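Encoded as structure tokens, the structure appears first; notes follow it.
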Amino acid sequence: MSDTASESQQSITPEIVAEHGLAPDEYDRILSALGREPNIVELGIFSVMWSEHCSYKSSRRHLKKLPTEGPQVICGPGENAGVVDIGDGQAAIFKMESHNHPSFIEPYQGAATGVGGILRDVFTMGARPVANMNALRFGRPDHPKTRHLVSGVVAGIGGYGNCVGVPTVGGEVNFHSAYDTNILVNAMTVGIADTDKIFYSAASGVGNPIVYVGSKTGRDGIHGATMASAEFDEDSEDKRPTVQVGDPFTEKLLIEACLELMASDAIVAIQDMGAAGLTSSSVEMATNGEVGIILDMDKVPCREEGMTPYEMMLSESQERMLMVLEPGREDMARAIFEKWELDFAVIGEVTDTRHMILTFEGETVCDIPLGPLAADAPNYDRPHVPTPKAAPLTDIPESTDIGADLLTLMASPDLASRRWIWEQYDHMVMADTIQRPGGDAAVVRVHGTSKGLAISTDCTPRYCKADPVEGGKQAIAECYRNLSAVGAKPLATTDCMNFGNPEKPEIMGQFVGCIEGMTEACAALDMPIVSGNVSLYNETTDSDGKATPVLPTPAIGGIGLLHDIEKMATVAFKAEGECLAVIGASYPDIGQSLWLREIHGREDGPPPRVDLKDEKLHGDIVRRLIDEGAVTAVHDISDGGLLVAVTEMALAGNIGIELDAMDAAFAFNECQARYLVTYRTDAPLDRNAVPFEKIGTVGGDAVRVNGADIPLADLRAANESFFENLMGR
Amino acid sequence: MKSAVIVFPGSNCDRDMAVALEQATGAKPHMVWHRETELPDGIGLIALPGGFSYGDYLRSGAIGANSPIMREVKAAADRGVAVLGVCNGFQLLTEAGLLPGALLRNAGIDFICRDVALKVASSQTAFTSGYQSDETITIPVAHHDGNYFADNDTLDRIEGEGHVAFRYDESVNGSARNIAGIVNAAGNVLGMMPHPERMIEPAHGGSDGKRLFDGLVQALG
């Protein structure tokens, strides 16, 4: 298809429809929307707009249930990113997005362009990006591809973020065989803008120029959105040509040029070209503005000769933006983009037709009414069945040696030190990183103020698999705890919903269950979801026809506000002689614990119960104690349980701890709504105001429990050994 | 004292450097775009900031070293104006021929971002006058190409003439003789891979970097 005449005349066969990932009934819908057969350009545009990735056709009706509002919310889901008020005329703008399929096929570029895409979503709205985070899930450590994928994804995230100059301040990583052939790479960006300088995507003003800026359009990434909307099979690696290639240097220039132009009043609307590139950006701008759009495809800056309108509209070349400018401001804007050595082209204008019209070489090559394309896209109520409740554990194993179990856990894939990863990320550029990776939440200072933004990404997929509703609640609750544990008031969240094939009722049941739990927790903890992304079809079918879906993984990214960074808490023990206490009750809930999995090889039982009233109460108490300066170190208890959390505090402070006697169930259960705190003996906590139990005294150079000393040096060596062994460096 | 920060396409520590210079000098530095052909009058200190000028394409610092403003930076250095290059700034200074040697890919291949212990090899330069010789300080690194290389004769000469400003206290990136920063023969140009501007207040985890800027401003009067 190098020749447009043949392109617009090509007849549409059922095979071509199927190649575009459209079901026969969806094609019928196109026929009735147009009242005629589409040409290939139009078919391509429908196929990407109606892909799962762009249309949310399986998830839309369920996402609607999530709480999205609150006095702190300036803009909820529907724009490029969510916007939350952080006081003093400033807003935090943030979102998390998946780049799973490309990262499995080509880990470096897949992960790098994932970071690039989420950065654009944030600075498109007028924010300077101030922090990147990520949530990664890999297969089992001894799977032949895992090492290659870890190495490539980490290098790709670092390679992009480091060059752009936005610190990557933290994240989370899990390993599980369910991700062997379908890893999850979720990237999050947080930016800061003035509340009176936030930019939206709705095009307006008939006759206003539509401007293309950034990189030229190439043939890379064509059909990326469609690929992200289908299951994997054994030939997936043949899809490598559909993975985009990133250029962080150009992105950096684009950030600076856009922010420079945004300081003027020239921009009416702006939208980045992400998945489905020029198609989705132009359709969304016109649809959100309830206008029409006409584009002259001869004017699109192209990297290669002979590109057709079909290729231009479906390319996912990176580092591009589409803007509507105020009339007469083109020259001023052009001068800014030329200074930054970026392409700038007026490629069309806003119309009142409610149609998207594309012309090329004097011919109309596309004329689509916008209604059916976006608002009337398919919206399915997929059959779903609830996940059966896991049977309670009846045979709880005992531990013979808590110290030995602790060493094993500290070296296990999900608990090992992530230092190997974060040292490859520039986590300090911008010089406002106040809490570095390794704590409960990262904290970046709001530049030039004493305020801090706390950021955490959280999800425990094994809980979600065992009980999607409780797992969905727990993901929000853990995020709330991590933000509270540094002293930040949790403000809002973004979600990245990674699931298997939604056409299977049990998978759809997981999705619906997680949404139900998240909805309850977001409401109870006042953490509305303000942006997000859904990634379905994370499922691989092998040559025997056996399908492996990923664990249900609703990754949550949350932000919180610290009014005074001087008061921020960290996990490290501070001084010998201080008391260690646990806030919150322990139940004998050992099901789905890492202790059960890593020590006893079992992944059974129900996950720990989530009591949202306790979460709220204990979070409020911990934040108050931090604000009053009554506690010297704080750590939430999550994966691995209490003894692992205590050990992390000891390693961070490089001071030991002498603990009261405990059994394995107390040491390793993962009961929720709990925090560890230290306090000075001369300033004890108030028993009437804080539900706590003292469990030890800080001091020495070992974790001493039940009469045995486990030296910190051994624990540190175990904790560091996993990545050293896995990566061989 | 008037200072300037040169901004290249892809610089990303220019703001951090400006904050550190303002803290030390009491005045906002001039931010000078790389295409300028003149420096503002009366500049006493020029900083080349960290980042990825021109994306580090070709070689780190290679393209930026040919930017129009670099002719003026060289002329100013020849006149004795102090020039501080940090990270990508160090790479630019070696590419521009203002300092000997080259910065190669880290020996461990990976990008490295962490605090490192540095030995102050000489407190006899304006840049290190805020420290004691042989003192150990903590300043972070964040680089992919920080592996300092020069031939043995050059290394012997810069060591013999006291031009090594900082050494890593342990092997960090494979640098020859653990060199982290050097000055030119006249002592008015310093290139270093560690980022002093990221360690200028307790919130950063320490203030050892601040002492470089304070000492420098005091020495330059």
Checked region B:74-121 for anything more than 14 Å from chain A (Cβ to nearest Cβ) and assigned to a strand (DSSP E or B); matches are B:Ala82, B:Val83, B:Leu84, B:Gly85, B:Ala102, B:Leu103, B:Leu104, B:Ala117, B:Leu118, B:Lys119, B:Val120
Do you know which of the residues in region A:387-422 that are touching a Phe, Trp or Tyr at 6+ places or on another chain (Cβ under 8 Å) and within 14 Å of chain B (Cβ to nearest Cβ) is surrounded by the most Cβ atoms within 10 Å (Cβ to Cβ)? A:Ile421
Among the residues listed as A:Thr457, A:Thr449, the single one being at pLDDT 95 or above, assigned to a strand (DSSP E or B) and not basic (Lys, Arg): A:Thr457
So in region A:155-175, with the set limited to residues that are in contact with an Asp or Glu (Cβ under 8 Å, 6 or more places away or on another chain), of a type outside the set (Ser, Thr, Tyr) and in a helix (DSSP H, G or I), which one is nearest to A:Glu251 (Cα to Cα)? A:Val164
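Which residues, taken from region B:40-59, are closer than 24 Å to B:Leu216 by Cβ and either touching a residue at least 60 places away in the same chain (Cβ under 8 Å) or under 19 Å from the mean Cα position of the chain (by Cα) (or both)? Can you show your working first?
Restricting attention to region B:40-59, the residues satisfying the condition of being closer than 24 Å to B:Leu216 by Cβ are B:40-51, B:53.
Residues satisfying the conditions are B:Ile43, B:Gly44, B:Leu45, B:Ile46, B:Ala47, B:Leu48, B:Pro49, B:Gly50, B:Gly51, B:Ser53.
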Is there any pair linking a residue in region A:446-467 that is closer than 22 Å to A:Thr553 by Cβ to one that is at pLDDT 95 or above and hydroxyl-bearing (Ser, Thr, Tyr), with Cβ under 6 Å and at least six apart or on different chains, and which? A:Cys459/A:Thr553; A:Pro461/A:Thr553
In this structure, does A:Thr13 turn out to be buried (at least 21 other Cβ atoms within 10 Å of the Cβ) and of a type in the set (Val, Ile, Thr)? no
Pairs please, first residue from region A:34-62 and free of Cβ contacts under 8 Å to residues at least 40 places away in the same chain, second anywhere and among the charged types (D, E, K, R), Cβ atoms under 9 Å, 6+ apart in sequence or on different chains. A:Leu43/A:Glu37
Answer from A:Leu625, A:Leu617, A:Leu596 - the residue that is over 29 Å from A:Asp526 (Cα atoms) and either assigned to a helix (DSSP H, G or I) or touching a residue at least 60 places away in the same chain (Cβ under 8 Å) (or both): A:Leu596
Of the residues B:Arg167, B:Arg157, B:Arg177, which single one is open to solvent by 10 Å² or more (accessible area, probe 1.4 Å), within 26 Å of B:Phe111 (Cβ to Cβ) and either touching a residue at least 60 places away in the same chain (Cβ under 8 Å) or in a helix (DSSP H, G or I) (or both)? B:Arg177
Residue identified as open to solvent by less than 30 Å² (accessible area, probe 1.4 Å) and in contact with a Phe, Trp or Tyr (Cβ under 6 Å, 6 or more places away or on another chain) among B:Ala47, B:Ala20: B:Ala20
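So, in region A:674-700, of the ones that are among the small types (Gly, Ala, Ser) and in a loop (DSSP other than H, G, I, E, B), which residue ends up surrounded by the fewest Cβ atoms within 10 Å (Cβ to Cβ)?
Initially, region A:674-700 is screened for residues among the small types (Gly, Ala, Ser), giving A:683, A:689, A:696, A:699-700.
The next check asks that each one be in a loop (DSSP other than H, G, I, E, B); those that pass are A:683, A:689, A:699-700.
Working: A:Ala683: 13, A:Ala689: 11, A:Gly699: 16, A:Gly700: 16.
If we take residues in region A:674-700 being among the small types (Gly, Ala, Ser) and in a loop (DSSP other than H, G, I, E, B), then A:Ala689 is surrounded by the fewest Cβ atoms within 10 Å (Cβ to Cβ).
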Quick check on A:Gly152: is it within 14 Å of chain B (Cβ to nearest Cβ) and assigned to a helix (DSSP H, G or I)? yes
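Return yes when B:Gly61 is within 12 Å of another protein chain (Cβ to nearest Cβ) and of a type outside the set (Val, Ile, Thr) and no when it is not.
Details: within 12 Å of another protein chain (Cβ to nearest Cβ): no; of a type outside the set (Val, Ile, Thr): yes.
Here the answer is no, as B:Gly61 does not meet what is asked.
For (1) touching a Phe, Trp or Tyr at 6+ places or on another chain (Cβ under 8 Å); (2) of a type in the set (Gly, Ala, Ser); (3) open to solvent by less than 50 Å² (accessible area, probe 1.4 Å), each residue gets a yes or a no:
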position: A:Leu562; (1), (2), (3): no, no, yes
position: A:Glu566; (1), (2), (3): no, no, no
position: A:Lys574; (1), (2), (3): no, no, no
position: A:Leu594; (1), (2), (3): yes, no, yes
position: A:Gly605; (1), (2), (3): no, yes, yes
position: A:Lys613; (1), (2), (3): no, no, no
position: A:Gly619; (1), (2), (3): yes, yes, yes
position: A:Arg624; (1), (2), (3): no, no, no
Matching residues in region A:23-50 - criterion: being open to solvent by 10 Å² or more (accessible area, probe 1.4 Å) and among the small types (Gly, Ala, Ser): A:Ala23, A:Ser32, A:Ala33, A:Gly35
Screening A:Ala112, A:Ala131 for residues that are assigned to a strand (DSSP E or B) and not aromatic (Phe, Trp, Tyr) leaves only A:Ala131
So B:Ala219, is it more than 14 Å from chain A (Cβ to nearest Cβ) and open to solvent by less than 10 Å² (accessible area, probe 1.4 Å): no
In region A:158-180, which residues are of a type in the set (Val, Ile, Thr) and touching a Leu at 6+ places or on another chain (Cβ under 6 Å)? A:Val173
Can you tell me which condition B:Ala185 does not meet? The list is (1) in a helix (DSSP H, G or I); (2) free of Cβ contacts under 8 Å to residues at least 40 places away in the same chain, and all the others hold. (1)
Taking region A:514-538 only, how many residues are open to solvent by less than 10 Å² (accessible area, probe 1.4 Å) and over 19 Å from the mean Cα position of the chain (by Cα)? 1
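With the structure loaded, tell me whether B:Arg71 is charged (D, E, K, R) and either within 30 Å of A:Glu724 (Cβ to Cβ) or outside any helix (DSSP H, G or I) (or both) or whether it fails that test.
When the stated conditions are applied, B:Arg71 does not pass them.
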Exactly one of A:Asp298, A:Asp265 is modelled with pLDDT of 95 or more, open to solvent by 20 Å² or more (accessible area, probe 1.4 Å), more than 14 Å from every other protein chain (Cβ to nearest Cβ) and within 19 Å of A:Asn208 (Cα to Cα), and that one is A:Asp298
Among the residues of region A:423-432, are any among the hydroxyl-bearing types (Ser, Thr, Tyr) and within 12 Å of chain B (Cβ to nearest Cβ)? yes
How many residues does region A:476-513 hold that are open to solvent by less than 10 Å² (accessible area, probe 1.4 Å), under 26 Å from A:Ala569 (Cβ atoms), of a type in the set (Gly, Ala, Ser) and not in a helix (DSSP H, G or I)? 2
Does region B:21-39 include one or more residues that are closer than 15 Å to B:Val217 by Cβ, β-branched (Val, Ile, Thr), within 14 Å of chain A (Cβ to nearest Cβ) and part of a helix (DSSP H, G or I)? no
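Please state which one of A:Glu316, A:Glu326, A:Glu311 is surrounded by 15 or more Cβ atoms within 10 Å (Cβ to Cβ) and within 28 Å of the chain's Cα centre (by Cα).
On the way: A:Glu326 fails: within 28 Å of the chain's Cα centre (by Cα); A:Glu311 fails: within 28 Å of the chain's Cα centre (by Cα).
Of A:Glu316, A:Glu326, A:Glu311, the one residue that is surrounded by 15 or more Cβ atoms within 10 Å (Cβ to Cβ) and within 28 Å of the chain's Cα centre (by Cα) is A:Glu316.
Checking the condition under 30 Å from A:Leu659 (Cβ atoms), not in a loop (DSSP other than H, G, I, E, B) and not β-branched (Val, Ile, Thr), which residue from A:Gly403, A:Gly371 passes? Can you show your working first?
Numbers: A:Gly371 fails: under 30 Å from A:Leu659 (Cβ atoms).
Sole residue among the options that is under 30 Å from A:Leu659 (Cβ atoms), not in a loop (DSSP other than H, G, I, E, B) and not β-branched (Val, Ile, Thr): A:Gly403.
The values are calculated or read from the model by the stated rules, or taken from the named source; none is laboratory data. Bear in mind that the values here come from a model prediction, so they are computed numbers and not experimental data. All Cβ positions, even for glycine, are placed from backbone atoms using ideal geometry, and neighbour counts span all protein chains on display. For the accessible areas, the whole protein counts, side chains as well, though only heavy atoms, and no ligand, DNA or RNA atoms are used. Shrake-Rupley method; radii C 1.70, N 1.55, O 1.52, S 1.80 Å.
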